[in-house]
Amino acid sequence: MSKKLVEAMVGMKEKEALEITKQMIEDGEDPINILNACKDAMNEVGARFEKGEFFLPELVMAGEMLNQISAIVKPKLTGAVETERLGKVIIGTVEGDIHDIGKDLVVFMLDVNGFEVLDLGIDVPVQKFVDAIKDFQPAVVGLSGFLTLAFDSMKATVDAIAEAGLRDQIKIMIGGGQIDDEVKKYAGADAYGSDAVEAVKLSKKWILGE
Ligand code: B12
C-alpha cells in the first residue's frame with residue numbers, strides 16, 4: 001500500500017492518493033508509515049524537479065496533496081497526547097525560506113507529545129527569533145529550512161542568539177530537507193533531527209533528560 005501511495009503522489013493522482021491514505025488508515029496502518037511514504041514521494045518529486053522533468057506546478061500539487069494527507073493522518077497521531085505541558089519550544093522556518101510542511105509536522109508532533117510550542121511561521125527574520133526567545137523563554141529552539149540558502153540563515157540565527165547572550169540558556173535543533181550533520185556543525189546548532197519523531201526525542205532528552 002505504501003508503494004501505491006508513493007506512485008499515486010508522484011503520478012500527481014490526487015484523488016487516488018487520498019483514497020489510498022484513507023484505506024491505509026482503515027486497515028490500521030501506522031500513521032508514521034504513511035508519513036514516511038509521503039516523504040519518499042516528496043523526495044522523488046524533488047528529484048524529478050531537479051532533473052527538469054517536473055516544474056513548479058508539480059511541486060505545488062505535491063505540497064497540496066501532502067497537506068491533505070497530513071490532515072487525514074494527524075488526528076490518528078493524537079494517541080500520544082499528554083495533558084501536562086512538558087516544556088517550551090520555539091520553532092520557525094528560517095529567513096528566505098517559505099517551506100512549512102515539514103515544520104508543521106514537527107510543530108504538530110511536539111504539541112501532541114505535550115510541549116508548549118510557539119510557531120513563528122515562515123521566512124522568520126533573525127531578530128524575530130531573538131525577540132521571541134527573550135519573551136517566551138523556551139528551553140529548545142527549532143530551526144527549519146529546505147533550501148541551500150537556509151544554511152546561512154541558520155548560521156546567522158544561531159550567531160545572533162549567541163550575540164544576544166541567549167545561547168547558553170537554550171538548545172538549538174535544526175532540520176528540513178537539505179539539512180544534515182554538516183550543516184549542524186556549520187551553523188553551530190546542538191543537534192540535527194531527520195524527522196518530527198527525532199525532534200520530539202531531542203526535546204525530551206534536553207528538557208526531561210530522557
Ligand atoms: C513542496 C515543496 C515546495 C512547496 C512548499 C509548500 C509548503 N507550504 O511548504 C513550494 C511549491 C511552495 C516550493 C517552493 C520552492 N521550492 Co520547494 N520543494 C518542495 C518539495 C517537493 C517537498 C518539501 C516538503 O514539504 N517535503 C515534505 C516534508 C514532510 O519533508 P521532510 O523533509 O520529510 O520533513 C521532515 C524533516 O525535514 C524534519 N524537519 C523539518 N523541519 C524540521 C525542523 C527541526 C528542528 C527538526 C528537528 C526536524 C525538521 O521533520 C519533517 C517531518 O518529519 C521539495 C523536495 C524535497 N525532496 O524535499 C522541494 C525543494 C525543497 N524546493 C526547492 C526549490 C528550489 C524551491 C523554490 C526555490 C522553487 C522556485 N524556483 O521558486 C521555491 C522556494 C521559495 C522559498 N523562498 O522558499 C528545492 C531546494 C533546492 C535547494 N538545494 O535549495 C527542493 C529540494 C526541490 C529540488 N530538488 O530542487 N517548494
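Only the coordinates and a few stated rules stand behind these numbers; no lab work does. Given the structure is predicted, the values throughout are model-derived calculations rather than measurements. Here the Cβ is made from the backbone with ideal geometry for all residues, glycine too, and neighbour counts use every protein chain on show.
The listed peptides 131-138, 31-38, 64-71, ordered by packing as a protection proxy, come out as 31-38, 64-71, 131-138 (highest mean of other Cβ atoms within 10 Å first). On the basis of the beta-carbon distance and an R0 of 22 Å, residue 164 and residue 194 show a calculated FRET efficiency of 0.15. The simple spin-label model puts a point 7 Å past each Cα toward its Cβ; for residue 185 and residue 74 those points are separated by 3.7 nm. Packing order of peptides 105-118, 50-63, 162-175, highest average first: 105-118, 162-175, 50-63 (average count of other Cβ atoms within 10 Å over each peptide's residues). Shape of the stretch 45-124 from its Cα gyration tensor (a ≥ b ≥ c, root eigenvalues): rounded if a/c is under 1.5, otherwise prolate when a/b > b/c, or oblate? Here the stretch 45-124 falls in the oblate category. Of 39/134; 88/128; 3/155, which ones are farther than 26 Å apart at the Cα? Too far apart for the 26 Å limit: 39/134; 3/155. Here is the tail figure for the chain: Cα pairs spaced more than 26 Å apart come to 36 percent of all pairs. The calculated FRET efficiency for residue 36 paired with residue 128, based on their beta-carbon distance and R0 = 35 Å, is about 0.65. Charge dipole (Cα centre; +1 on Lys/Arg Cβ, -1 on Asp/Glu Cβ; no other charges) of the chain amounts to roughly 280 debye. Which shape class, rounded, prolate or oblate, goes with the stretch 1-71 when its Cα gyration tensor gives a ≥ b ≥ c as root eigenvalues, a/c under 1.5 marks rounded, and past that a/b bigger than b/c marks prolate? In terms of gyration-tensor shape, prolate.
Report summary: the helix-based calculation at 222 nm, which adds -39500 (n - 2.57) for every DSSP H run with n ≥ 4 and divides by the residues of the chain, gives -18500 deg cm²/dmol.
In terms of the Cα gyration tensor, with a ≥ b ≥ c the square roots of its eigenvalues, is the stretch 87-194 rounded because a/c is under 1.5, prolate because a/b exceeds b/c, or oblate? Here the stretch 87-194 falls in the rounded category. Building the convex hull from the alpha-carbon atoms of the stretch 131-210 and averaging its projection over directions returns 5.0 nm². Toward the positive end of the charge dipole of the stretch 1-101, with +1 on the Cβ of Lys and Arg and -1 on the Cβ of Asp and Glu, the farthest Cα among 43, 57, 32 is that of 32. Panel order for 186, 192, by other beta carbons found within 10 Å of each beta carbon, from fewest to most: 186, 192. Remark: spin-label model distance residue 56-residue 26 equals 3.8 nm, labels positioned 7 Å along the Cα→Cβ axis.
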